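Engineer: Next up is a structure, given as structure tokens.
The values are calculated or read from the model by the stated rules, or taken from the named source; none is laboratory data. No experiment lies behind these values; they were computed from the predicted model shown. Neighbour counts run over all protein chains shown; Cβ positions are idealised from the backbone, glycine included. Areas reflect the complete protein model, heavy atoms only, side chains present, ligands, DNA and RNA absent. Shrake-Rupley method; radii C 1.70, N 1.55, O 1.52, S 1.80 Å.
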Amino acid sequence: ACPSCDASQLCNCSSMGLDFIPHGITAKITVLNLAHNRIKHIQSQDLQQAVNLRALLLQSNKISSIDEDSFWSLGKLERLDLSNNSLAHLSPVWFGHLFSLQHLHLQGNSYRDLGQSSPFSSLKNLSSLHLGNLQFSVIRQGNFDGIELLHQLWIDGSNLSQYEQGSLKSIKQINHMILNLRNSNIFSEIVRDLLHSVTWLEVRRITFSNAAEMQVLRVMSSSFVKKISFRQTLLTDATVPEIVSILEDMPKLVELELVDCRLLGTGQWKMEIQAKKSQTLRILTIKKLSIEEFYLFTDLQSVEGLLSLLTRVTVQNTKVFLVPCRISQHLQSLVYLDLSANLLGDLSLEHSACQGGWPSLQTLNLSQNSLSDLERTSKSLSHLGNLIVLDISQNNFGEIPDVCDWPKSLKYLNLSGTQIPKVTTCIPQTLEVLDVSGNNLKEFGLQLPLLKELYLTRNQLKTLPGAAPIPNLVSLSVRRNKLNSFSKEEFESFRRMKLLDASDNNFICSCEFLSFLHHEAGISQVLVGWPDKYVCDSPLAVRGAQVGAVHLSLMECHRSLVVSLICILVFLVILLLVAVGYKYHMVWYLRMTWAWLQAKRKPKRAPPKDVCYDAFVSYSENDSDWVENTMVRELEQACPPFRLCLHKRDFVPGKWIVDNIIDSIEKSRKTLFVLSEHFVQSEWCKYELDFSHFRLFDENNDAAILVLLEPIQSKAIPKRFCKLRKIMNTKTYLEWPLEE
């Protein structure tokens, strides 16, 4: 069974490596996503219980066969996606009971045709139909019988070689027709059948390389299409005049769109447009037009006659660095101009927006260009008497002057992401909407009496802008700044606002703060949105939550008290740990751990050539008289003599004492401990005993020899040397008698 069903009965089983439709599909499921699996066959019983299914997504599987009655129980199905599978034919029986189906996607399979009749005759509610693949080669008469109205028809016929005239004529109306064709003759035949039924015609991946093949497209001049789009289309200097000639003859064409196309040439177009220019074309959109020799492109004088009636022009991401003054002056009716993501600079803008150019312009988008002088930009546009909206965001102005000359009608100005360090009186007083987001502003104190909307997102503000200079402000966005809180005075001044968006800041929430927002500020909606659950774990973490619905926890209401109690508790715990550590010698264990780690890095046994002493003698300074005058003399004068290591005599001067102890023990065959009451009280004796203790029990050898100079109570030996106590109880040690 599919394990990924949510409360709304949407089951997402995509990309799970399924080889068949899972069991357990019930009547409760409304959406079933089985895309990107390995399903090869759909059986009759697979979907028999899914009577309430609204969407079935089976794209990108390996489906090659479907039982004829597999979909018969899906009378409520509205969307069926079988694209990118391995279906070699389409059966009308599959779709016979899908009375509610609106969207059917069948592209990317391996069928060569749609059969001898219409597979879609029973789909009376069909709204969008996607067909075709690389093997799709034939469209026959009757293939679309039963379909009268479509919102969208997409035919991928890049290898379509046969089209029977009249095949699409049965469809009375198509709002959006998408044709992916290479054969211009087939394209012409399809368009002939759709002259009066298509509203928006989109042509993809067709090549118009020479003027001769354009003659077969003359049929388009009689089309009632209102919008035509060319996507990924190849154009040349030879074919552009022919296309323009066809388009200007189209009686109802309003909008022309070119997206991601290539133009081979430099604009040397020979055409006569003045005599019969289009009276209906109003909107021109060009996006990502690739002109390989754009730097040689001409001034477009040949198309000036087409421009006077255009009202909306968009030329995005096309490397435009200049609009010739004559072109601007011919755009008499232009009210909307989008030149974003191009190469316009300060000097070229001054030439493009020349006197008499764009006289009716109301909206101008110059974002993402190469403008760098704000004063010069404002001056270049100052004569545009009808300009209302200006977007010059994502340019690198850097500095902002104190005085600028803007159009008197300007109401909307977008200066976001322009690297300006502050705002000055360069900003026009006529504005109703101002966006200065993403500029690292630290303050905002401009007087803008008409301003209604102010956007200050992604800056460095620590306080709200003053309300007195902007008395008519209705909406304020200060998202992603460094605000900590609002004072009552700040909010009092903004009582008239309808929306304050202050989310993603550094607010410290409190009951008093939220109570003030809700009861005293009087703002219709406050978007606070605490950015970090550790700063404030509040229901307001969801942007746009109504402040009045929030119920804060003890932590949120009494943060200072709770933090103080936590600090006191932590201090007491630390104090307790220190006391316990002192009682149970924790410091000693830490020091021993460090010494043990150091010792572990060295060989357990020194090589025989490095052993210099028979024994290292560890004793207390208070016992030195007996050690040096009795024991050492006897051993070193014995026959054969023993060589002993004494700290007074054999330690290396200038070397760390601990290192001297470790080295001496390692270079001695034995370690001789002279135990006494003084020994167990000596700090350095403890160290020597500690290191030998490690060697003794780490290597399991008999390197230690214990000599009791005087009787020692067992309780006098530190408890931490439990193994030393044990060895005193299990191995032989020497006792020096009281009488010599």
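Engineer: Please list, ordered by chain and number, the residues whose modelled amide H lies under 5 Å from the amide H of residue 65; skip anything fewer than 5 residues away on the same chain.
Structural biologist: Residues meeting the criterion, in which the H sits 1.01 Å from N, are 42.
Engineer: What FRET efficiency do you get for residue 311 and residue 15 if R0 is 35 Å and r is their Cβ-Cβ distance, rounded to the nearest 0.05?
Structural biologist: Plugging the Cβ-Cβ distance into 1/(1 + (r/R0)^6) gives 0.15.
Engineer: For a Förster distance of 22 Å, can you work out the FRET efficiency between the beta-carbons of residue 472 and residue 499, rounded to the nearest 0.05?
Structural biologist: Using R0 = 22 Å, I get an efficiency of 0.95.
Engineer: How big is the gap, in Å, between the Cα center of the stretch 625-660 and the Cα center of the stretch 169-218?
Structural biologist: So the two Cα centres are separated by 108 Å.
Engineer: How large is ³J(HN,Hα), in whole Hz, for each residue of the stretch 193-205 in order, when computed from phi with the Karplus curve 6.51 cos²θ - 1.76 cosθ + 1.60 and θ = phi - 60°, using x for Gly and Pro?
Structural biologist: 7, 10, 4, 10, 10, 9, 8, 10, 10, 10, 10, 10, 6
Engineer: Could you please put 627, 259 in sequence from largest to smallest accessible area, using a 1.4 Å probe?
Structural biologist: Solvent-accessible surface, decreasing: 259, 627.
Engineer: Could I ask something else about it? Spin-label point model (7 Å from Cα, Cβ direction): what's the residue 389 to residue 110 distance in nm?
Structural biologist: Modelled inter-label distance: 5.1 nm.
Engineer: Report the accessible area of residue 678, computed with a 1.4 Å probe over the heavy atoms of all protein chains in place, in Å² rounded to the nearest 10.
Structural biologist: Surface open to solvent at residue 678 totals about 80 Å².
Engineer: Label points 7 Å out from Cα along the Cβ direction at residue 681 and residue 643: separation in nm?
Structural biologist: Once both label points are built, they end up 3.6 nm from each other.
Engineer: In addition: I want the local charge near residue 282. Using Cβ-Cβ distances under 12 Å, sum +1 for each Lys or Arg and -1 for each Asp or Glu among the other residues.
Structural biologist: Net charge around residue 282: +3.
Engineer: Give me the number: length gained by fully extending residue 579 to residue 432, i.e. 0.36 nm times residue separation minus the C-alpha to C-alpha distance, one decimal in nm.
Structural biologist: 46.1 nm
Engineer: If you don't mind, there's one more thing I want to ask. Could you give the distance between the Cα centres of the stretch 44-78 and the stretch 311-379, to the whole Å?
Structural biologist: 54 Å
Engineer: In the stretch 3-73, with Lys and Arg counted as +1 and Asp and Glu as -1 at Cβ, which of these residues, 52, 11, 22, has the Cα nearest the positive end of the dipole, that is, farthest along it?
Structural biologist: Farthest towards the positive pole: 11.
Engineer: With only alpha-carbon atoms counted, please give the Rg and Dmax of the stretch 30-177, in Å.
Structural biologist: 14.5, 43
Engineer: Report ³J(HN,Hα) in whole Hz for each residue of the stretch 462-472, in order, from the Karplus equation J = 6.51 cos²θ - 1.76 cosθ + 1.60 where θ = phi - 60°; Gly and Pro get x.
Structural biologist: For the stretch 462-472, the Karplus-derived couplings read 10, 9, 5, x, x, 8, 4, x, 10, x, 9 Hz, x marking Gly and Pro.
Engineer: Let me ask something else. What is the set of long-range amide H partners of residue 360 at a cut-off below 5 Å, with H atoms built 1.01 Å from backbone N?
Structural biologist: For residue 360, whose amide H was placed from the backbone, the distant partners under 5 Å are 334.
Engineer: Let me check I've understood the local charge: for residue 401, count other residues with C-beta under 15 angstrom from its C-beta, Lys and Arg +1, Asp and Glu -1. What total comes out?
Structural biologist: With Lys, Arg at +1 and Asp, Glu at -1, the net is -3.
Engineer: Using θ = phi - 60° and the Karplus relation 6.51 cos²θ - 1.76 cosθ + 1.60, list the HN-Hα couplings for the stretch 335-350 in order, rounded to whole Hz, with x at every Gly or Pro.
Structural biologist: 10, 9, 9, 10, 10, 6, 6, 10, 10, 5, x, 4, 5, 5, 5, 4
Engineer: Return P(r) of the stretch 150-299 (all Cα-Cα pairs; 5 Å bins starting at 0; whole %; ordered from short to long distances).
Structural biologist: Bin by bin from 0 Å, the calculated values are 2, 9, 18, 24, 23, 14, 7, 3, 1, 0.
Engineer: Determine, from the Cβ-Cβ distance of residue 268 and residue 151 and an R0 of 41 Å, the FRET efficiency 1/(1 + (r/R0)^6), rounded to the nearest 0.05.
Structural biologist: Approximately 0.50, to the nearest 0.05.
Engineer: Peptides 393-400, 196-203, 4-11: what's the order by average Cβ count within 10 Å, highest mean first?
Structural biologist: In descending order of packing, they fall as 196-203, 393-400, 4-11.
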